[in-house]
1. Under 14 Å Cα to Cα from LYS123, which aspartates and glutamates show up? Leave out anything in the same chain fewer than 8 places away.
2. For the stretch 128-137, take each phi angle, set θ = phi - 60°, evaluate the Karplus expression 6.51 cos²θ - 1.76 cosθ + 1.60, and give the result in whole Hz per residue in order, putting x for glycine and proline.
3. In sequence order, what are the phi-derived ³J(HN,Hα) couplings for the stretch 44-52 according to the Karplus relation 6.51 cos²θ - 1.76 cosθ + 1.60 with θ = phi - 60°, rounded to whole Hz, with x for glycine and proline?
4. Taking amide H atoms as placed 1.01 Å from N in the peptide plane, list the residues 5 or more away in sequence, or in a different chain, whose amide H sits under 5 Å from that of GLU65.
5. Amide H of THR133: which non-local residues (sequence gap of 5 or more, or other chain) have their own amide H closer than 5 Å, using H built in the peptide plane?
6. With r as the distance between the Cβ atoms of ASN111 and HIS43 and R0 = 30 Å, compute the FRET efficiency 1/(1 + (r/R0)^6) and round to 0.05.
7. From the backbone phi of the stretch 60-68, what are the Karplus-calculated ³J(HN,Hα) couplings (6.51 cos²θ - 1.76 cosθ + 1.60, θ = phi - 60°) in whole Hz, Gly and Pro given as x?
Amino acid sequence: MRKGLMIFTSALLLSGMACVGAYFYGLRGHVYGAEVTLAQSEHFSDEDIRAAADTVLAYFEEKYEGCRLQNLRYSSEKQALGYAEPSYLTLYSDFVVYPVPLSERMTMLSNSQYKDFDWVLSKNHSGEWEIRTCGYC
């Protein structure tokens, strides 16, 4: 009887720790382990494309709390509608949203997956990449 109570208490404690860990894990967007695939372009240098990808990774980590980026990719053959190269660069991503409560500023569906999510960027007057829009463009 006592051994069963210890097992039950241990299981309860571990599940509680897992829930707390999942909650705190979801407080920032996670990019670690995301696969980044960047093709070559006739309009942009490899450095430009990498800098654009780094901009998206930093933005995702800061703003997409409760989400995990699975991959980020660039292909010169695919562009968001109305955002043509060489003025704009479009990256695509897949990510998941954890099944945890999100802040009020996030409008992503909890416990869901987003595929081919667009990130449209252009350079500002200082020559740095800025995200102009994102979503399903």
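Only the coordinates and a few stated rules stand behind these numbers; no lab work does. No experiment lies behind these values; they were computed from the predicted model shown. So basically every Cβ, Gly included, is an ideal-geometry build from the backbone, and we count neighbours across all protein chains shown.
1. Within reach: GLU47, ASP48, ASP54, GLU85.
2. Coupling constants for the stretch 128-137: 9, 6, 10, 7, 8, 7, 8, x, 10, 8 Hz.
3. Whole-Hz 3J(HN,Hα) from phi for the stretch 44-52: 10, 6, 4, 5, 4, 5, 5, 5, 5.
4. When sequence neighbours closer than 5 places are left aside, the close amide H contacts are GLY29.
5. For THR133, the qualifying residues are VAL120.
6. About 0.20, to the nearest 0.05.
7. Listing the rounded values in order: 4, 4, 6, 9, 9, 5, x, 10, 10 Hz.
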